[in-house]
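Presented below is the structure to which this report refers.
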Amino acid sequence: MVTGTAAGRPPSPAPGDPVLVVDDLVVEHRNRTSGEIFTAVDRVSLRIGAGQSLAVVGESGSGKTTLAMAATGLGPRTGGRIELLGRDLDALGRSELRALRPEVQVVFQDPHGSLDPRQSVRSGFAELRKLQPERTTWITDEALLERVRLSPALLDRYPHQLSGGQAQRVCIARALLMRPRLIVADEPTSGLDVSVQADVLRLLQEIRETTGAALLMISHDLAVVRSVCEAVIVMFRGQVVEAGACEQVFRAPTADYTRELLDAMPGSRWRSRR
Ligand SMILES: Nc1ncnc2c1ncn2[C@@H]1O[C@H](COP(=O)(O)OP(=O)(O)OP(=O)(O)O)[C@@H](O)[C@H]1O
Ligand SMILES: [Mg+2]
């Protein structure tokens, strides 16, 4: 059962209810030497509801990670408005922000880089449980590993004793332990062997379906996006050049840049044929 509400948690949103609403988000970086301002994210708006999945695609450096981090309050923001679970982040005090933080969990590209090399899987879970005692009682370590299709025998392994796919599943398990309402996955499969990529994506999808969490997925791989997400925004140099349902955007892209992305894909003929 994952729907129980820990003390102080915002009420569970119904399917489709907004989890994250971002309006006109701007992230600027100032070059320390020249003083020049670089706009990494330029007036981006997005919306994602409970149980929904939204992909952010675009070439390297287009601002995907910066957007995801700023949109979830985990990274700096110069302007714009963010509502997470119906709460305006700018209107919250420190302790309220801290209480909201576990509602958003991020899975990064490099699983080994996200895990503490000195911590076994079990002690990593224990640390999270200590940080969030109420939120994390809903599942045992063994059951948690089973949820991500790993053997409980891996509990006493250290990160270097895990394959890339196993380590990424451990990262997903750590996110899942917190029962987040929003999972941000930043290129979650691009560091993995091709043979395990599909399994990890299926797992993320299954978690979204069974827990009702929203999924914000960053990827440069349009085939991945199409298989996992319902909606997509396409970024180019910090701006959204196209947004909509994946099927629609991929079948009939309106922006030249989206067409270029699709054409650059290996086997790009899939674009218009199903
Ligand atoms: N702290 C920073 N200071 C200055 N510029 C930054 C900073 N962080 C990011 N940038 C710049 O902002 C732009 C967007 O970076 P970001 O990491 O969001 O791109 P991305 O789309 O996630 O790329 P990738 O696909 O390679 O991960 C890049 O040009 C990057 O160099
Ligand atoms: Mg990135």
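The values are calculated or read from the model by the stated rules, or taken from the named source; none is laboratory data. Keep in mind that what you see is a predicted model, and the values were worked out from it rather than measured. Cβ placement follows ideal geometry from the backbone for every residue including glycine, while neighbour counts extend to all protein chains displayed. To get the accessible areas, we keep the full protein, side chains included, count just its heavy atoms, and leave off ligands, DNA and RNA. Shrake-Rupley method; radii C 1.70, N 1.55, O 1.52, S 1.80 Å.
Couple of notes before you dig in:
- Computed over the chain: relative contact order in percent, which uses C-alpha pairs under 8 Å that are six or more apart: 24 percent
- Using a Förster distance of 22 Å, the FRET efficiency for His112-Arg149 (Cβ separation, nearest 0.05): 0.70
- Most to least accessible of Arg129, Arg77, Arg179 (protein chains only, probe 1.4 Å): Arg77, Arg129, Arg179
- Fraction in percent of alpha-carbon pairs per bin - 10 Å, region 18-271: 7, 30, 34, 22, 7, 0
- DSSP-defined antiparallel bridges as percent of all bridges, region 18-271, nearest 5: 55 percent
- Seen from all directions on average, region 155-194 presents a Cα convex hull projection of 3.3 nm².
- With contributions of -39500 (n - 2.57) from each DSSP H run of at least four residues, the per-residue ellipticity at 222 nm computed over the chain stands at -9500 deg cm²/dmol.
- Relative to the Cα centre, the charge distribution of region 132-274, modelled as +1 at Lys and Arg Cβ and -1 at Asp and Glu Cβ, gives a dipole magnitude of about 280 debye.
- Where a label projected 7 Å from the Cα of His29 along Cα→Cβ would reach, residues of region 35-69 with amide N under 15 Å: 35-42, 60-69
- Distance (nanometres) between label positions extended 7 Å along Cα→Cβ at Glu127 and Val196: 2.0 nm
- Percent of Cα pairs exceeding the 17 Å cut-off, where the set is region 38-101: 45 percent
- Glu206 versus Arg101: modelled label distance in nm, points set 7 Å from Cα along the beta carbon direction: 3.1 nm
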